[in-house]
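First the structure, in the form of structure tokens, and then the observations on it.
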Amino acid sequence: MKKVHVIGHSLGGGIAATLAALKPNLVKSLILVDSTGIPVEPVPFVLAQRAIEMTAQTPQMRFPQVLQIFQAFSYNLLFRSQNTIKALMLSLEKDLKTLLPQIQSPCLLLWGANDLTTPLKAAQEFSQLIKGSQLIIVEGVYHEWSIFFVERFTNLVFDFINEIESQN
């Protein structure tokens with residue numbers, strides 16, 4: 001079976017980390033971007049921080065991305081409210097600390113320096129728990145930076161993947 005490079009952002013990062021820990025034979029490398037999986041604050045505090053963060057990153061937003069995010073979130077909240085709320089709560093409350101040391105694949109952690117949703121202390125804990133992981137902190141950006149700074153994001157991702165591929 002061919003192994004794959006797995007990338008996950010936010011809740012997707014928690015899912016990707018779980019996959020890498022439980023199915024190491026599938027994962028060639030892991031890239032976690034502002035990942036959930038390490039609860040850092042009580043949920044009401046995180047939700048308040050999220051509102052602050054969304055306002056703070058408004059100058060970084062571009063119209064097409066904002067429209068897409070708004071449409072997806074609005075649709076899911078209106079028509080799939082129960083599932084959206086369950087996923088949100090899962091992402092904020094699920095603790096993966098016991099699984100993270102099981103990750104064997106090379107791991108890159110990409111984190112926005114100003115992320116209030118999954119703050120830097122979570123990134124540092126991920127880095128400590130995933131043996132040999134590499135943490136890159138991107139200055140001046142927030143939780144959704146990978147959407148708004150696509151070129152910077154893809155350069156970091158492809159540099160990491162190319163490094164992994166060149167070792168094989």
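Here are a few things to note about the model shown:
- The portion of the accessible surface of the chain made up by carbon and sulfur, rounded to a whole percent, is 61 (1.4 Å probe; DNA, RNA and ligands excluded).
- For the chain, the per residue solvent-accessible surface stands at 55 Å², with DNA, RNA and ligands left out and a 1.4 Å probe.
- The chain: angle of helix 63-79 to the longest principal axis, Cα-based, in degrees nearest 10: 80
- Nearest-ten-degree value, helix 43-56 long axis tilted from longest Cα axis of the chain: 80
- For the chain, the relative contact order works out to 28 percent when only alpha carbon pairs closer than 8 Å and six or more residues apart are counted.
- 4 °C / 1.567 mPa s Stokes-Einstein diffusion coefficient of the chain, Kirkwood radius on C-alpha pairs, µm²/s: 79
- Applying 1/(1 + (r/R0)^6) with r as the Cβ-Cβ distance of S81 and N155 and R0 = 25 angstrom yields a FRET efficiency of 0.10.
- Nearest-0.05 FRET efficiency for N162 and A56, computed from C-beta distance (R0 45 Å): 0.85
- Rounded to 10°, Cα long-axis angle of helix 81-93 versus longest principal axis of the chain: 50
The values are calculated or read from the model by the stated rules, or taken from the named source; none is laboratory data. Small disclaimer: the values here were computed from a predicted structure and weren't measured. Positions of Cβ are backbone-derived with ideal geometry, glycine not excepted, and every protein chain shown enters the neighbour counts. Keep in mind that these areas ignore ligands, DNA and RNA; they rest on the heavy atoms of the full protein, side chains included. Shrake-Rupley method; radii C 1.70, N 1.55, O 1.52, S 1.80 Å.
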